[in-house]
Amino acid sequence: MNDSTDRPVRTRYAPSPTGPQHIGGIRSALFGWLYARRHGGQFILRIEDTDQKRSVPGSLEQILEAFDWLGMDIDEGPAQGGDFGPYIQSERLPLYRKWADWLVERGYAYKCFATAEELAAMRGAGAGYDRRYRGLPAAQVADLEAQGRLFVIRFKMPLTGKTSGQDMIRGSMSFDNSALQDAVLLKSDGFPTYHLAHIVDDYHMQISHVSRAVEWLPSFPLHLQIWDAFAWRKPQFAHLPVLLNPNGKGKLSKRKERFVDGGGKAVPVLAHEFMDAGFLPAAVMNFLTNIGWNYGDNQEIFSTAQAAKRFDLKDVNPANSAYPIAKLEWLNNQYIQTAEADYLARALKPILEEAGFNVDDDRLRQLVPSLRVRLKTLNDVLPMAGFFFADWASFEAPVADILVQRKMDRAGTVEILRGALPALEQLDGDFKPDEQHAAMAAYARNCGYKNGQVFGSLRAAVSGQKVSPPTFDTMAILGKAESTRRIKLAIDALSRELA
Ligand code: GLU
């Protein structure tokens with residue numbers, strides 16, 4: 001049996017270009033990529049577009065964009081080039097035809113002339129293809145071809161016995177040959193099927209490890225038979241577990257109705273949805289690597305570089321996993337908390353700008369330290385801190401529902417704010433958060449209020465919202481003059497309602 005050490009490691013991701021990049025595909029790609037990085041090997045992108053009806057223009061661009069965003073570099077592929085190209089299957093058609101013919105000439109495959117009607121009748125009878133053209137004498141084949149009859153090329157699967165193979169994740173596997181059909185290798189339009197094309201390519205591209213979704217396990221014996229017919233050195237195989245819906249039922253789908261999390265948001269499933277939802281690429285990589293594999297040492301947070309030092313396909317858990325989406329927000333917050341302040345400011349800026357805010361860089365940088373703790377996603381910056389970038393002059397006092405804290409009333413709130421004002425006005429002009437905090441805690445103590453009542457009322461008065469960065473950080477950024485102006489606006493608004 002071959003081993004990763006006795007040939008250069010070359011892994012590949014071989015998506016069909018059928019539209020937006022699904023996160024399940026990325027997760028499969030990630031495991032092949034990590035394995036290549038672990039062994040100093042190459043990672044190849046190959047576009048499997050032999051089902052032309054399903055090909056969607058722009059898919060390659062979406063794949064490249066997702067990989068680029070996640071930092072998964074591709075060594076060879078349609079955009080990168082390489083010594084084994086072209087890397088798009090529709091540009092390799094003569095190669096597949098050549099090898100299909102090779103199999104026919106040596107008796108491993110045969111031309112099948114079954115018409116659509118014949119096939120429909122076989123399907124109607126409940127069984128699969130009945131191999132009626134498998135044993136056709138050469139003269140008859142030549143005759144049908146001379147009549148211009150269309151044909152496909154089918155593989156001659158052994159009718160009895162077993163096919164055995166090794167899977168890096170699942171160990172030794174054995175399959176009854178009788179359970180398999182004579183699969184089509186080349187269609188009548190000259191396009192190969194997946195079964196033929198991927199083997200021809202994996203061989204010619206010198207792929208050492210084929211890691212692909214477990215859905216391909218049923219056709220694994222067919223593929224092993226084809227490899228043997230060619231007498232080519234086989235790669236090692238790893239059939240990867242797939243992602244299930246968050247409730248553990250059914251494959252995580254992009255088409256069916258979306259799962260909605262506790263907050264009523266649809267869970268992200270497509271690569272661009274992770275970008276749009278404000279996740280950091282490092283958090284997404286960490287999240288995906290953790291599904292079906294673990295770093296060890298009970299460590300949930302690790303970088304891609306750390307994972308690449310330990311990752312082995314052999315250690316992947318064979319069981320499919322429910323999509324642990326709740327973990328992602330937690331992880332994302334952890335990454336946001338430890339990200340470089342400048343990086344974070346650069347990431348937040350376009351989100352604020354797209355929402356129409358005019359972003360002052362200094363103010364944003366000032367805000368980042370107090371903001372980061374509370375951001376689950378970058379997009380949370382809008383409800384949390386958009387108000388810092390709105391026009392301050394047109395700030396209006398919020399409605400009583402926001403101003404009046406739980407278990408308080410309007411009169412009590414006015415009283416608290418009125419009492420707080422002189423204590424705040426007394427503070428230095430730089431209005432340091434800890435000095436505000438000390439003054440407001442003393443004020444609460446002296447007047448018999450709870451800290452939460454005072455701090456919460458102030459937060460609402462100056463931010464106009466129920467959530468914001470910490471109250472005193474917020475007031476420090478707004479400055480003493482603006483903060484006290486807003487507190488007065490709140491007092492006026494509530495007093496008018498009381499009058
Ligand atoms: N084009 C196949 C797919 O998208 C590739 C499977 C493989 O990696 O071999 O499922």
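The values are calculated or read from the model by the stated rules, or taken from the named source; none is laboratory data. In this text, all values refer to a predicted model and were calculated from it rather than measured experimentally. As a convention, Cβ positions derive from the backbone with ideal geometry for all residues, glycine included, and neighbour counts pool all protein chains shown.
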Condition set of a type in the set (D, E, K, R) and away from the ligand (no atom under 11 Å from the Cβ), scope the range 187-243, selection surrounded by the most Cβ atoms within 10 Å (Cβ to Cβ): answer is LYS234
Within the range 385-411, of all residues that are buried (at least 16 other Cβ atoms within 10 Å of the Cβ) and under 19 Å from GLY452 (Cα atoms), the one nearest to the chain's Cα centre (by Cα) is ILE402
Residue within the range 102-110 that is buried (at least 19 other Cβ atoms within 10 Å of the Cβ), under 23 Å from LYS187 (Cα atoms) and small (Gly, Ala, Ser) present: yes
* Asked: Looking at this structure, is VAL141 over 27 Å from TYR35 (Cα atoms) and either within 16 Å of the ligand (Cβ to nearest atom) or surrounded by 15 or more Cβ atoms within 10 Å (Cβ to Cβ) (or both)?
  -> yes
Within the range 158-184, residues more than 20 Å from ALA127 (Cα to Cα) and within 15 Å of the ligand (Cβ to nearest atom) come out as GLY165, ASP167, MET168, ILE169
Selection from the range 167-186 of residues farther than 25 Å from GLU118 by Cβ and exposed (fewer than 15 other Cβ atoms within 10 Å of the Cβ) yields GLY171, SER172, SER174, ASP176
Listed by first then second residue, the pairs whose first member lies in the range 317-330 and is aliphatic (A, V, I, L, M), whose partner is not in a loop (DSSP other than H, G, I, E, B), with beta carbons under 9 Å and at least 6 positions apart or on separate chains, are ALA322/LEU243; ALA322/LEU244; ILE325/PHE287; LEU328/PHE274; LEU328/ALA283; LEU328/VAL284; LEU328/PHE287
Quick count over the range 85-130, residues being charged (D, E, K, R) and at pLDDT below 95, is 4
Wholly inside the range 248-361, helices (runs of 4 or more DSSP H) that include 3 or more residues that are modelled with pLDDT of 95 or more are 281-289, 304-310, 325-338, 341-354
Taking the range 4-50 and the residues there that are away from the ligand (no atom under 13 Å from the Cβ), charged (D, E, K, R) and touching a residue at least 40 places away in the same chain (Cβ under 8 Å), the one that is surrounded by the fewest Cβ atoms within 10 Å (Cβ to Cβ) would be ARG7
* Within the range 73-84, is even one residue in a helix (DSSP H, G or I), in contact (Cβ under 8 Å) with a residue 40 or more places away in the chain and within 21 Å of ALA29 (Cβ to Cβ)? -> no
